[in-house]
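The values are calculated or read from the model by the stated rules, or taken from the named source; none is laboratory data. Please read these numbers as outputs of a predicted model, since none were measured by experiment. Glycine gets a Cβ as well: all are built from the backbone with ideal geometry, and neighbour counts include every protein chain shown. Quick note on the areas: whole protein, heavy atoms, side chains included, nothing else; ligands and nucleic acids left out. Shrake-Rupley method; radii C 1.70, N 1.55, O 1.52, S 1.80 Å.
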Amino acid sequence: RSYNQSKESRTSCAMAFMDTINHAGYRSALYGNLNTFTKLVDINKLGNYEKWFAQYDTSIYFPYEISIWQYTDKGTVDGIEGNVDLNITFPKNQ
């Protein structure tokens with residue numbers, strides 16, 4: 001649905017959605033990979049929003065603050081059949 005949207009439009013929609021979720025008392029984050037954050041949205045306008053970054057590797061390169069790193073889609077969890085995504089969170093000091 002967002003294929004023909006501009007970078008500015010995608011960014012504004014994401015911000016409006018996350019503001020609504022946050023205002024309702026929930027925690028939101030924008031999920032994406034390097035392509036999402038460099039080509040599809042304006043990362044410079046998302047500094048105050050949490051980011052959930054997907055990069056399947058043993059280390060991460062992303063020069064912006066992230067809240068969650070999805071580091072694989074081939075994880076295993078007892079009781080779940082098949083591969084699962086695995087993530088690490090980076091809680092902010094409060």
Checklist entry - How big, on average over all directions, is the shadow cast by the Cα convex hull of the chain, in nm²? => result 8.0 nm²
Checklist entry - Given the rule -39500 (n - 2.57) for each run of at least 4 DSSP H residues, summed and divided by the residues of the chain, what is its mean residue ellipticity at 222 nm, to the nearest 500 deg cm²/dmol? => result -6000 deg cm²/dmol
Item to check | Cβ charges +1 (Lys, Arg) and -1 (Asp, Glu), total dipole of the chain, debye | outcome: 360 debye
Checklist entry - How high is the relative contact order of the chain, given as a whole-number percent (alpha carbon pairs under 8 Å, six or more residues apart)? => result 20 percent
Checklist entry - For segment 1-50, what does the alpha-carbon gyration tensor say about shape, rounded, prolate or oblate, given a ≥ b ≥ c as the root eigenvalues, a/c under 1.5 as rounded, and a/b over b/c as prolate? => result prolate
Checklist outcome for this item: Order by accessible surface, 1.4 Å probe, largest leading, for residues L46, L86 comes to L86, L46
Item to check | Solvent accessible area, Å² - T36, 1.4 Å probe, full protein context | outcome: 30 Å²
